[in-house]
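For reference, the structure is listed below as structure tokens.
Derivation of every value follows stated rules applied to the coordinates shown; laboratory data play no part. Keep in mind that what you see is a predicted model, and the values were worked out from it rather than measured. Neighbour counts are summed over all protein chains in view; Cβ atoms, including those assigned to glycine, are modelled from backbone coordinates with ideal geometry.
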Amino acid sequence: MPDEYKMKMQEKVNNPRHYNETEMETIDIIKNAMEPRYFHGYLQGNIMKYVCRYKYKGSPTTDLKKAQWYLNRLILEMESGE
């Protein structure tokens with residue numbers, strides 16, 4: 001797999017341009033609007049969403065990587081005690 005393709009895939013998962021159109025990233029706006037337990041539920045819901053539908057979209061690995069991104073974020077939130 002060419003490095004350019006890997007970078008594009010990583011960008012789509014980890015840092016999509018449409019999530020960064022404002023000064024603050026969308027995930028941080030959502031976090032700041034919620035109590036920690038609700039934010040954890042939001043992250044868990046996104047994990048479930050991407051895992052449940054990965055087979056039915058054009059790029060299954062993209063959705064699995066998105067689920068992984070949300071899982072990693074939830075782990076970070078739990079480790080930081082928030």
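Label-to-label distance, Met34 versus Asn14, with points set 7 angstrom from Cα along the beta-carbon direction: 2.3 nm.
Calculate, in nm to one decimal, what Gln68 and Met48 gain on full extension: separation in residues at 0.36 nm each, minus their alpha carbon distance.
6.2 nm
For Ser59 and Met24, the difference between the fully extended length at 0.36 nm per residue and the C-alpha to C-alpha distance is 9.8 nm.
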